[in-house]
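Notes follow the structure.
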Number of protein chains: 2
Amino acid sequence: MNEVEQTFKDLMKEIKGYAEALSLIHWDLRTKIPKKAMEQRSDVIGLLSERIHQLQTSDQMKHCIDQLKGKTADPILIKAVEECEDTYNKSSKIPVEEYKAFVTLCSKSETVWQQAREEDDFALLQPYLEEIVDFNKKFATYWGYKEQKYDGLLDQYESGLTTEVLDQVFAKVKKALTELVSQIANSEVEIDVESLLHHFPKQSQEAFSLAILDKMGYDFDAGRLDETIHPFAIGINPNDVRVTTRYDEGDFRMAVFGTIHEGGHALYEQNIDQDLAQTVLARGTSMGIHESQSLFWENFIGRSKGFWQNHFNLFREKAPAAFQSIDFETFYQAINEVKPSFIRIEADELTYSLHIIIRYELEKALIDGDLAVKDLPEAWNDKMEEYLGIRPTSNKQGILQDIHWSAGDFGYFPTYALGYMYAAQLNAKLTEAIDVDGIIQSGDFEPIKAWLTEHVHRHGKMKKPLEIIKDVTGEGLNPDHLIAYLTKKYQEIYQL
Amino acid sequence: MNEVEQTFKDLMKEIKGYAEALSLIHWDLRTKIPKKAMEQRSDVIGLLSERIHQLQTSDQMKHCIDQLKGKTADPILIKAVEECEDTYNKSSKIPVEEYKAFVTLCSKSETVWQQAREEDDFALLQPYLEEIVDFNKKFATYWGYKEQKYDGLLDQYESGLTTEVLDQVFAKVKKALTELVSQIANSEVEIDVESLLHHFPKQSQEAFSLAILDKMGYDFDAGRLDETIHPFAIGINPNDVRVTTRYDEGDFRMAVFGTIHEGGHALYEQNIDQDLAQTVLARGTSMGIHESQSLFWENFIGRSKGFWQNHFNLFREKAPAAFQSIDFETFYQAINEVKPSFIRIEADELTYSLHIIIRYELEKALIDGDLAVKDLPEAWNDKMEEYLGIRPTSNKQGILQDIHWSAGDFGYFPTYALGYMYAAQLNAKLTEAIDVDGIIQSGDFEPIKAWLTEHVHRHGKMKKPLEIIKDVTGEGLNPDHLIAYLTKKYQEIYQL
C-alpha cells in the first residue's frame, strides 16, 4: 500500500475516533446526563464537531482525495474517497465558525426543546428554531440546488432525491391512505383496544423488550437497552450499537413496538462489514434505508399475525394477570388498530405517513420563506385537522412532540415515509425469496436477519440507497408495494 | 483583557473539552460499555489523550506561558499558567508517540485486568504489567528526580512529596498500627459481625445509598449513581460528577461505605468554584487531598457513633426484616470491627494503611528493579503474611484485586494513606471550629460540607496540598492526629 493510502486511512480513523466520542456524548445526553451538565456539554459537542469538520475539510484530506481519486484499485478505498470528497465539497462550503455556531446552537436547542415540551411552551423554543431555520436556508444555498432550495437539504439525507419526485410520490400515497382511512372509519368492525391498556409495570416491559430484542438477533455483547424520553438507536461503532426505549405503564405498545423499531435500526449498524469499521463507510447508507430496516421489523414483522402467534406465550409470561384473558384475535386486531392520533411515534402504520407529509409540507414552507416560525403551531394544527381530522389542543400534542427540528434536522422527515416504501419493496422481494411466514412462526429469525444482512446491512455506505433497492428489487422507488400491502392487510382486518 | 490571555483561556477550554469527552468515555468504560466495544474504544482514548497532549505541549501553549508568566495580574491566570507550565515541562519530556502507546496500552490493560481478575489468572496480565512498569521507569527518568527514581512518579500525584518523608512517616504509622492490631487481637471484646450479614437486596441497598448521598449534600442534578465492579467517582465537569458503587447482597457494608467514600470525592469536585470551571484548575489539588475527603466522610463521619445514631431509623427503613432486631451498640461495633483481611477496599480503617504500605514497598521495588513483575504475586502474598498475618490463596484475593497498576498508575497508592493523615488533621481542626457531634446527630450536614467547601473544595488547584493543610491546621504533614484518633476510638470499642 502506498503512503497516501496510509495517510488517508489514518485520517479516516482519526475522524471516526472523534465521531465515536461524539456519538457516546449524544447517547449520554439523551439517557444519563445530569441536568446541570447539559450546557457545558454543548460546548464539548461544538468542539468535537469542529474538529471533525476541520479534518474533513483539511488540506491533507484534499490532497488524499486528489491523489487517490481514480488511482486506487481497492474497492473500499474507491467508495471511501467518493464519500470523503462528497463531504469535503459539502462541508468546505460552510465556514468553520458558522458550522460550529450551528452545532452549539442545536445542542442547546435540544435541551430547550425538552424544557419547552415539559412546560408546553413553544415561545421558549421559538427563537432557537428561528435561528436554526435561518442556518438551514443558508446551508441549502451554500450546498446549491437545481430547482428548489429545499432540495439542497433533502439531498443530505437521501442522496439523489428531489422535491419533484417527492411531491408526486406523496400525492399518490396521500390519496390511497386517505381513502383507506375513510373506508375504515365506516367499517363496522369494532376493535377492542381497551384490553391492551391494563397496567403493565415498567420492569416487566423491560424484560419483555429485552426478550424480543434477543429474538430479533440483536447482539447484547455489542449493545445495550436504556430508557429515554424520545427513543432512538445509535451506532457508536459497529460493536457498540445502543437502543433506547420509553415505558408507558398504561400502554405497553409504546415500549414494545418502539424497541422493535429501534432494534431494526440497530441490527443494520451491528451487521455492517467489519472490513469497513475503520472507514467513513461504516454507517447506514441513508436515513431512508435506515428507516426501512426499523419499519420492516416494527410493522412487517412486529405487527404480523405470525410473529404474535409465535410470541403470544412470551407476552403472557411477561404480562400481569389482567392481560391473561385476552384472546389472540383481539390482541392481533388491537395492535393493528387504525385511528388518527396526535403523536407521530404513536401513530399506526396506516396514518403514519400522513404525519410525515404534514411535516414535509411545513418544513418546505419554512425553508421557502412561505411560513414564519411563530406561525408554526397554528399551521401545524391546521394541517392535522385537514389531513387527520383532529386538532391538537396543546403544543405538546403538536409542534413540540418531535426533537428533529430542534436538533437542526430539516429535510430529514421525508425519509421516514421513504422508509415505509423501501420496506414494502424489500418485503415483497423477501417473501418471494424465502418462506417468511414459516420463519416468523418458527420464531427463528436468523434467515430474515441473514437475508437483510446480505442485501442491505453489510454494505454500509458501499452502495447508495437507490442502488440497494435496484439491486434487490430490480426497480426504483415505487410506492405501489406499500399501498398494496396496506390495502390487503387492512381490508382483511376491517373486512372492507 | 489582552490577546494572549484570551488565547490562553481558549486553549485551556479546548483542553478541558477533550478531557471532558475522555472522562465520559472512562465512566462508560467502567459502567455501561458492551463487551465487544472495548477494544475499539481504547483507540479513541488513545486519540483523545494524544490530542490533549499535543495541546498541552504545543508551541502556542509555550508562547502563552512565556508571555503570561509573571505578567498577568489575574490570580486565577497566575495559578493556571503555573499549572500549565508544570504540565508542559512534564509532558514535553515524553515523546508523543510513546505517550500515546502508553495510554492505549493502559486502556487495553484495564480490560485484560477485568478478565484476569474474573479468571484468577495473573499470567494474562503479566506481559501488560511488564510493559507498564518499563514505561513508568522511563517516565521517572524523563521527569527527573533528586534521590530515588520512585520520587519522579510520586511527585505526579502528590506534588513535593518524597520517598524520604514517606519512609519516615510510614514507619511511624506502621509501628502504631501493628501495636494496636496486636492489642485488639488480645482483646476480650467479641464483635458480632454476623448480625450484619443477612441478605440485603440490591434494590434496597441502592435506595439506601441514594438516601445517604442525599444526606451528605451530594447534588443529584449534577451527578448520578451507577453500578460497577471497582467503585470510583469521576468529575466529568463540576456539574457532572458521577459516583459508582458495588452491591454485595450478602454484605451491605460494601455498597454503603463505598458510596459514602465515593460521595466524599464527589462533593469535592462538585463544590469547586465555578470561576475555575473553564480552567485547568477545576480539579482536586492532589490525590492525597482527594482521598482525605473520601476518607473523612467514610470513616470520621460514616463510621462515627453520632452518624448512625441519627441514621439508624433510615437503616431500619431500608433494611429487610432480618436486620430489625439488631440493637444499636451491636450495629456500631460491627461496622467498626478490626480484622486483617485480603481486600484493600474492604479493609477496616485501622488495617487499611498496612495494605497501602505493602503496595508502596512493592511498587518502589518494581521501579528500582529490585523485583520482577513475574515475582509479584509471591512477593505480595509474602508481605500480606508478614504485616497482616494472613496469606492469600488466590491472586484474585491478592495481586489482581486493584486496577491501579493495570491502569498505569505507579506512585498513586501512597496517597491513600496520606489521605488518612490529612483527614485526621482536618478533622482535628473541624472539631475545634464547629460542634461536629451536634451536627452529626442533628443530621443536617450542611455546616460540615460548608466548612470543607470553604477550606478545601472551592480552591480546586488554586492551592497545593500542603498549602491547604498548612492554611487550615497551621502545620505540615503530621501522622500523630491519625494515630491519636485511631487509638482513642479503638481503645473505647475494644476496651483496651
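A short reminder: the numbers here are calculations on the coordinates, not readings from a lab. These figures come from a predicted structure and were not determined experimentally. Neighbour counts are summed over all protein chains in view; Cβ atoms, including those assigned to glycine, are modelled from backbone coordinates with ideal geometry.
Restricting attention to the alpha-carbon atoms of chain A, what are Rg (one decimal) and Dmax (integer), both in Å?
Both quantities, over Cα of chain A: 22.4, 72 Å.
To the nearest 20 Debye, how big is the dipole of the stretch A:59-119 about its Cα centre, given +1 on the beta carbon of each Lys and Arg and -1 on that of each Asp and Glu? Display every interim value, and only then the final one.
Numbers: 9 positive and 12 negative charges, 28 e Å.
Roughly 140 debye, rounded to the nearest 20.
What number, in percent, do you get for the relative contact order of the stretch A:222-270 if the mean sequence gap of Cα pairs under 8 Å and at least 6 apart is divided by its residue count? Please report the intermediate quantities before stating the final value.
Working: 86 pairs, mean separation 18.5, N = 49.
Across the stretch A:222-270, relative contact order equals 38 percent.
With a point put 7 Å past each Cα toward its Cβ, work out how far B:Glu386 is from B:Ala207 in nm, to one decimal.
4.9
Give, as a single signed number, the net charge of other residues whose beta carbon lies under 11 Å from the beta carbon of A:Leu196, with Lys and Arg counted +1 and Asp and Glu -1.
On the way: positive: A:Arg253; negative: A:Asp192, A:Glu194, A:Asp251, A:Glu337.
Its environment carries a net charge of -3.
Using 0.36 nm per residue, how much length does the chain from B:Ile345 to B:Asp444 gain when fully extended, once their Cα-Cα distance is taken away? Please report the intermediate quantities before stating the final value.
Working: separation 99, 0.36 × 99 = 35.64 nm, distance 2.78 nm.
Once the chain is fully extended between B:Ile345 and B:Asp444, it gains 32.9 nm.
Roughly how many nanometres apart are two label points built 7 Å out from the Cα toward the Cβ at B:Val165 and A:Asp471?
6.6
At 0.36 nm per residue, and after removing the present C-alpha to C-alpha distance, how many nm does the segment from B:Tyr142 to B:Ala322 gain when stretched out fully?
Gain on stretching B:Tyr142 to B:Ala322: 59.0 nm.
Distances from A:Glu119 to the same residue in each other copy, label points 7 Å out along Cα→Cβ, in nm, shortest first?
5.5
Using θ = phi - 60° and the Karplus form 6.51 cos²θ - 1.76 cosθ + 1.60, what ³J(HN,Hα) does each residue of the stretch B:458-474 get, whole Hz, x for Gly and Pro?
Result, ordered by residue: 4, 6, x, 9, 5, 10, 6, x, 6, 5, 4, 4, 4, 4, 7, 9, x Hz.
Could you calculate the FRET efficiency of B:Glu3 with A:Lys93 from 1/(1 + (r/R0)^6), where r is the beta carbon distance between them and R0 is 35 Å, rounded to 0.05? Intermediate results must be reported in sequence, preceding the final value.
Working: r = 30 Å, r/R0 = 0.86.
The formula returns an efficiency of 0.70 here.
Quick one: work out the % antiparallel among DSSP beta bridges in the protein assembly as shown, nearest 5. The partial results should precede the final answer.
Working: 8 of 14 bridges.
Once the DSSP bridges in the protein assembly as shown are tallied, antiparallel ones form about 55 percent.
Kindly give the distances from A:Glu194 to its copy-mates, label point to label point, with each label point 7 Å from Cα along Cα→Cβ, as nm values to one decimal ordered shortest first.
Going from nearest to farthest copy, the values are 5.9 nm.
Looking only at the stretch A:466-487, which residues have a backbone nitrogen under 19 Å from a spot 7 Å from the Cα of A:Ile78 in the C-beta direction?
Residues passing the 19 Å test: A:466-472.
Can you list the lysines whose alpha carbon is less than 16 Å from that of B:Lys470, not counting same-chain residues fewer than 8 positions off?
B:Lys429, B:Lys461
Once phi is turned into ³J(HN,Hα) by the Karplus curve 6.51 cos²θ - 1.76 cosθ + 1.60 with θ = phi - 60°, what whole-Hz value does each residue of the stretch B:275-288 show in order, with x for glycine and proline?
4, 8, 3, 8, 10, 6, 8, 7, 8, x, 6, 7, 5, x
Taking the protein assembly as shown, how much of its Cα-Cα pair set, in percent, is spaced more than 47 angstrom apart? Show your work: numbers first, answer last.
Values: 171896 of 491536 pairs.
For the protein assembly as shown, the share of Cα pairs beyond 47 Å comes to 35 percent.
Could you give the dipole magnitude of the stretch A:172-310 about its Cα centre, charging the beta-carbon of Lys and Arg +1 and that of Asp and Glu -1, in debye to the nearest 20? Working shown, then result.
Numbers: 12 positive and 21 negative charges, 86 e Å.
With Lys and Arg at +1 and Asp and Glu at -1, about 420 debye.
For the stretch A:387-496, state the semi-axes of the equivalent ellipsoid (square roots of 5 times the eigenvalues of the alpha-carbon gyration tensor), sorted largest first and rounded to whole angstrom. Intermediate results must be reported in sequence, preceding the final value.
Values: eigenvalues 177, 95, 43 Å².
Three semi-axes, in Å: 30, 22, 15.
Rounding to the nearest 10 and keeping the result within 0 to 90°, find how far the Cα-based axis of helix B:163-185 lies from the longest principal axis of chain B.
10
To the nearest 10 degrees, how steep is helix A:480-493 against the longest Cα principal axis of chain A, on a 0 to 90 scale?
Here the helix axis deviates by roughly 20 degrees.
Please compare each pair in A:Lys108/B:Lys463; B:Lys464/B:Lys489; B:Lys79/B:Lys108; A:Lys374/B:Lys13; A:Lys90/A:Lys146; B:Lys16/B:Lys137 to a cut-off of 26 Å on the Cα-Cα distance and tell me which ones are over it.
A:Lys108/B:Lys463; B:Lys464/B:Lys489; B:Lys79/B:Lys108; A:Lys374/B:Lys13; B:Lys16/B:Lys137
Is it possible to state the helix-based mean residue ellipticity at 222 nm for the protein assembly as shown, with each DSSP H run of 4+ residues giving -39500 (n - 2.57), the sum divided by total residues, to the nearest 500 deg cm²/dmol? What is it? Don't skip to the answer; put the middle values down first.
On the way: 40 runs with 613 residues, N = 992.
Estimated from H runs of four or more residues: -20500 deg cm²/dmol.
Near A:Ala37, within a Cβ-to-Cβ distance under 15 Å, what is the net charge of the other residues, with Lys and Arg +1 and Asp and Glu -1? Mind dumping the intermediate values first?
Numbers: positive: A:Arg30, A:Lys32, A:Lys35, A:Lys36, A:Arg41, A:Lys108, B:Lys16, B:Arg224, B:Arg242; negative: A:Asp28, A:Glu39, A:Asp43, A:Glu110, B:Glu20, B:Asp28, B:Asp219, B:Asp221, B:Asp226, B:Asp240, B:Glu269.
Cβ neighbours under 15 Å give a net charge of -2.
What whole number of Å gives the distance from the Cα centroid of the stretch A:8-38 to the Cα centroid of the stretch A:70-101?
The two parts, judged by their Cα centres, are 20 Å apart.
Would you mind listing the distances between the B:Asp375 label point and the same position in each other copy? Use 7 Å along Cα-to-C-beta, nm, one decimal, shortest first.
8.5
Any idea what the relative contact order of chain B is, in percent, if you count C-alpha pairs under 8 Å spaced at least 6 apart?
On the way: 675 pairs, mean separation 97.4, N = 496.
Worked out over chain B, it gives 20 percent.
Return the whole-Å distance between the Cα centroid of the stretch B:408-464 and the Cα centroid of the stretch B:242-284.
So the separation of the two Cα centres works out to 13 Å.
Given axes a ≥ b ≥ c from the Cα gyration tensor, I'd like to know whether the stretch A:351-408 is rounded (a/c under 1.5), prolate (a/b larger than b/c) or oblate. Walk me through the numbers on the way to the answer.
Details: a/c = 1.38, a/b = 1.30, b/c = 1.06.
In terms of gyration-tensor shape, rounded.
Find the centroid of the Cα atoms in the stretch B:158-209 and in the stretch A:39-68, then give the distance between the two in whole Å.
Here the two parts' Cα centres lie 51 Å apart.
Please turn the phi angles of the stretch B:73-83 into ³J(HN,Hα) values with the Karplus equation 6.51 cos²θ - 1.76 cosθ + 1.60 (θ = phi - 60°), one per residue in order, whole Hz, x for glycine and proline.
Residue by residue, the stretch B:73-83 yields 9, 6, x, 5, 5, 4, 5, 5, 5, 4, 4 Hz.
Any idea what % of Cα-Cα pairs in the stretch A:193-255 are farther than 18 Å?
Values: 756 of 1953 pairs.
Pairs farther apart than 18 Å: 39 percent.
For A:Asp226, enumerate residues with amide H under 5 Å from its amide H, sequence gap 5+ or separate chain, H modeled in the peptide plane.
Those qualifying (amide H under 5 Å, at least 5 residues apart or on another chain) are A:Val243, A:Thr244, A:Thr245.
How long are the semi-axes of the ellipsoid equivalent to the stretch A:3-92, from square roots of 5 times the Cα gyration tensor eigenvalues, in whole Å, largest first?
On the way: eigenvalues 199, 31, 19 Å².
With the √(5λ) rule applied to the stretch A:3-92, the semi-axes are 32, 12, 10 Å.
Counting only GluC sites (Glu not before Pro) that sit in a DSSP loop (anything but H, G, I, E, B) with at most 11 other Cβ atoms within 10 Å, what is the longest stretch of chain B containing none of them?
Details: sites that count: B:Glu147, B:Glu188, B:Glu190.
The answer is B:191-496.
A:Asp435 to A:Lys488: FRET efficiency via 1/(1 + (r/R0)^6), r the Cβ-Cβ distance, R0 22 Å, to the nearest 0.05? If you can, show how the numbers build up before the last one.
Values: r = 18 Å, r/R0 = 0.84.
About 0.75, to the nearest 0.05.
Between B:Ser182 and A:Glu227, take the C-beta separation as r, use R0 = 56 Å, and let me know the FRET efficiency to the nearest 0.05. Present the calculation step by step, with values, prior to reporting the outcome.
Numbers: r = 53 Å, r/R0 = 0.95.
Calculated value: 0.60.
For the rotation bringing B onto A, which B residue has its Cβ nearest the axis, and at how many Å?
Value returned for chain B: B:Ala21, 2.
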